[in-house]
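The values are calculated or read from the model by the stated rules, or taken from the named source; none is laboratory data. Not measured: the values here are computed from a predicted model. Glycine gets a Cβ as well: all are built from the backbone with ideal geometry, and neighbour counts include every protein chain shown.
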Amino acid sequence: MLNTEPNIAAPDDFYEALLAIHQDLLPAQSRLVDAKLILLLSNHIGDPEVLRQAMAKAREGIVPAGQDAILAARA
Amino acid sequence: MQVDYQALRFDYRRCADQSAAVPARHPVIVVGAGPVGLATAIDLAQQGQRVLLLDDDEALSHGSRAICFAKRTLEVFDRLGCGERMVEKGVTWNLGRVFHREEPVYGFNLLPEGGHQRPAFVNLQQYYLEGFLLDRAQALPEIEIRWRSRVTAVAQADDGVTLTVETPEGEYRLLADYLVAADGSRSPIRRALGLESRGRTFRDRFLIADVRMEADFPAERWFWFDPPFHRNQSVLLHQQPDGVWRIDFQLGWDADPVAERQPDKVIPRVRALLGPDVPFELEWVSIYTFSCLRMERFRHGRVLFAGDSAHGVSPFGARGANSGVQDAENLAWKLALVLRGAAPDSLLDSYDAERVAAADENILNSTRSTDFITPKNEASRAFRDATLALARDCAFARRLVNSGRLSLPSTYAASPLNTPDAEAFAGAMVPGAPALDAPVRAAGGADWLLRYLGNAFTLLHFSDDAASPPAPGDLPLPVRAVLVVPPGAAAGGPHEGVPGTVTVLEDADGLARQRYDARPGTTYLLRPDQHVCARWRRFDPAAVRAALERATGKRA
């Protein structure tokens with residue numbers, strides 16, 4: 001079960017550290033750092049149900065405004 | 001003597017059917033003499049079924065095309081009587097390596113255990129594979145092949161299929177009880193029946209450069225992400241026989257497919273990989289895009305679609321030709337039983353159920369590989385790059401790197417032909433699974449278990465002694481019986497049974513017992529395609545009869 005109650009002892013310290021790893025980075029560099037962070041934390045959590053709930057929560061309320069680079073195929 | 005299978009031409013020959021007053025009727029017509037059509041025809045012929053094979057061309061595969069043939073496919077070809085030649089000629093490999101930029105990221109072994117006759121893969125040009133299959137087909141009197149015979153129209157009625165066949169001498173008509181459409185990804189038969197294959201196309205282009213050269217790369221699958229010699233794209237390298245190497249360059253969606261296949265564009269790309277001093281010549285060049293797609297159903301009445309006509313995948317994972325051959329082995333025994341009147345027509349519905357599920361498994365794996373290799377949006381690319389960066393020193397990330405999940409046979413776990421387990425078993429040999437190989441001692445000495453399974457339903461019985469072999473008794477179909485005993489336990493040594501008696505094999509290294517989680521009394525019923533359909537802890541003729549009826553569609 002995904003825990004959305006406070007679980008970080010020093011929230012301001014955490015938030016500052018999270019921003020600090022992005023200092024002076026270009027958007028593409030930040031994107032890479034975030035992606036690595038997500039992968040590392042996901043592996044640490046491991047539980048597929050918790051990961052699924054977290055992904056659903058993150059995606060909640062966002063309406064797609066782009067399009068993937070795939071095409072419908074018919075033969 | 002070396003045969004140049006690519007250069008062979010097969011003559012059109014006029015046949016009696018062309019002069020017939022009414023269309024000649026054939027029990028089964030297979031369209032397409034590629035790997036899938038040839039395998040289907042051979043398998044049917046081995047079951048004693050007469051087959052007519054039509055092909056619109058007069059030659060085998062142009063270019064090396066499909067080159068990676070998986071262990072299970074080799075085992076199918078062994079059963080079809082031509083696997084040995086393929087392994088002998090092919091380049092055997094088990095290892096894959098992945099590189100990111102300049103660095104090796106990880107390696108994987110696709111067959112990390114011993115005790116199997118066949119390797120994880122052999123690489124072999126498609127024209128050799130087709131040539132060896134054709135040689136085998138031509139040795140079977142049940143098979144008639146007509147070259148330069150193009151099917152231009154198909155009409156289906158309750159009692160058969162009418163085909164219009166175009167030849168250099170004009171058209172004629174044929175009737176078939178069943179039609180197997182192994183006529184490729186653009187399947188004219190699919191089109192003639194107004195059917196479609198649907199799915200997704202990925203916005204990327206790839207260049208295949210097959211080059212002939214002396215090189216000291218090992219016989220392994222090498223995959224580079226963003227290598228220094230081909231920045232921001234991927235490259236795949238495979239060894240083929242005759243000093244030919246397959247190099248597959250990712251080009252991106254914006255590449256010009258006409259310009260990119262010209263030698264002045266291809267040669268510098270190859271030279272960038274090999275270095276300036278390695279001499280090579282271009283053997284075959286092709287530009288491709290790919291789709292993952294399938295037909296909604298593979299059975300349409302009396303027409304059965306097999307191979308690329310039914311489904312398509314990306315090449316990363318070698319799941320195209322390999323899954324097509326598995327379609328063929330799944331279909332052939334069912335069709336032979338139905339045509340012989342030994343099973344109801346509804347048995348063919350299980351071809352659709354089992355192979356549609358297999359196609360979905362292949363498409364799922366292929367799509368996931370493609371999503372990694374060809375990122376479809378900005379986030380896909382970021383996660384791909386992050387995974388590769390972490391893979392250098394984090395073991396978990398290596399498991400996420402996906403340069404292709406290589407072809408494995410499907411287990412038909414949900415098949416209606418399976419009898420569910422009533423007793424506890426461990427291991428991989430669940431109902432629906434393809435039988436695993438193991439070393440055995442047979443009448444002729446060291447041998448392999450799979451050589452004694454299949455082509456007919458087979459009872460595989462494990463015992464501590466050869467004194468009380470299972471007696472299947474009166475069954476609706478001929479069933480082979482194979483008894484596996486511990487080393488030294490076969491009185492008078494292992495022996496091969498004539499039809500109606502039992503073949504006795506010794507479990508040379510104990511691996512058969514281990515892989516089948518067998519104890520004395522354990523009995524498996526295997527289908528003619530070597531898939532498990534039932535198993536028990538003791539031999540019970542009534543249970544065998546019931547399982548056999550279920551596996552032939554005679555009871556639900």
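Show the residue pairs meeting these rules: Cβ distance below 6 Å; 6+ apart or different chains; first residue within the range A:1-19 and exposed (fewer than 10 other Cβ atoms within 10 Å of the Cβ); second residue of a type outside the set (Lys, Arg).
Within 6 Å, the pairs are A:Ile8/A:Phe14.
Return yes or no: is B:Val211 closer than 30 Å to B:Pro375 by Cα and crowded, with 20+ Cβ neighbours inside 10 Å?
yes
Filter the range B:73-106 for residues that are crowded, with 20+ Cβ neighbours inside 10 Å, in contact (Cβ under 8 Å) with a residue 60 or more places away in the chain and in a helix (DSSP H, G or I) and give the result.
B:Thr73, B:Glu75, B:Val76, B:Phe77, B:Asp78, B:Arg79
Does the range B:367-383 contain at least one residue that is touching a strand residue (DSSP E or B) at 6+ places or on another chain (Cβ under 8 Å), surrounded by fewer than 24 Cβ atoms within 10 Å (Cβ to Cβ), at pLDDT 95 or above and part of a helix (DSSP H, G or I)?
no
Which pairs turn up if I take residues in the range B:242-271 that are within 14 Å of chain A (Cβ to nearest Cβ) and look for partners that are among the basic types (Lys, Arg) and surrounded by fewer than 19 Cβ atoms within 10 Å (Cβ to Cβ) with beta carbon separation below 6 Å, at least 6 apart in sequence or on another chain?
Between residues of the range B:242-271 that are within 14 Å of chain A (Cβ to nearest Cβ) and residues that are among the basic types (Lys, Arg) and surrounded by fewer than 19 Cβ atoms within 10 Å (Cβ to Cβ), the close pairs are B:Trp253/B:Arg203.
Out of all the residues in the range B:468-524, which are closer than 23 Å to B:Leu548 by Cβ, surrounded by 17 or more Cβ atoms within 10 Å (Cβ to Cβ) and of a type in the set (Gly, Ala, Ser)?
Once the filter is applied, which keeps residues that are closer than 23 Å to B:Leu548 by Cβ, surrounded by 17 or more Cβ atoms within 10 Å (Cβ to Cβ) and of a type in the set (Gly, Ala, Ser), the range B:468-524 yields B:Ala481, B:Ala512, B:Ala518.
Which of the numbered conditions does B:Glu361 fail, given that it passes all the others? Conditions: (1) without any contact (Cβ under 8 Å) to a residue 40 or more places away in the chain; (2) surrounded by fewer than 22 Cβ atoms within 10 Å (Cβ to Cβ); (3) out of contact with any Gly (no Cβ under 9 Å at 6 or more places or on another chain).
For B:Glu361, the exception is condition (1).
Anything in the range B:122-159 that is among the aromatic types (Phe, Trp, Tyr) and closer than 14 Å to B:Leu53 by Cα? List them, or say none.
Matches in the range B:122-159: B:Trp147 only.
Among (1) assigned to a loop (DSSP other than H, G, I, E, B); (2) among the hydrophobic types (A, V, I, L, M, F, W, C); (3) surrounded by 13 or more Cβ atoms within 10 Å (Cβ to Cβ), there is one condition B:Trp253 misses while meeting the rest; what is its number?
With (1) assigned to a loop (DSSP other than H, G, I, E, B); (2) among the hydrophobic types (A, V, I, L, M, F, W, C); (3) surrounded by 13 or more Cβ atoms within 10 Å (Cβ to Cβ) applied to B:Trp253, the lone miss is (3).
Residues of the range B:162-218 being touching a residue at least 60 places away in the same chain (Cβ under 8 Å), closer than 30 Å to B:Ala259 by Cβ and more than 25 Å from the chain's Cα centre (by Cα), which ones?
If the condition is that a residue be touching a residue at least 60 places away in the same chain (Cβ under 8 Å), closer than 30 Å to B:Ala259 by Cβ and more than 25 Å from the chain's Cα centre (by Cα), then B:Arg203, B:Asp204, B:Arg205, B:Val211, B:Arg212, B:Met213, B:Glu214, B:Ala215 are the ones that fit.
I'm trying to understand the selection: among the residues of the range B:39-63, which are of a type in the set (A, V, I, L, M) and outside any helix (DSSP H, G or I)?
Answer for the range B:39-63, where residues must be of a type in the set (A, V, I, L, M) and outside any helix (DSSP H, G or I): B:Val51, B:Leu52, B:Leu53, B:Leu54, B:Ala59, B:Leu60.
For the range B:461-472, indicate whether the set of residues that are in contact with a Leu (Cβ under 9 Å, 6 or more places away or on another chain) and within 14 Å of chain A (Cβ to nearest Cβ) is non-empty.
The answer is no; no qualifying residue exists.
With the condition kept exactly as written, say whether any residue in the range B:301-313 is modelled with pLDDT under 95, out of contact with any Asp or Glu (no Cβ under 9 Å at 6 or more places or on another chain) and either crowded, with 24+ Cβ neighbours inside 10 Å or within 14 Å of chain A (Cβ to nearest Cβ) (or both).
yes
All but one of (1) at pLDDT below 95; (2) in the same structural domain as B:Leu80 (by TED's automatic domain parsing); (3) over 18 Å from B:Ile67 (Cα atoms); (4) among the hydrophobic types (A, V, I, L, M, F, W, C) hold for B:Val278; which doesn't?
Failing condition for B:Val278: (2).
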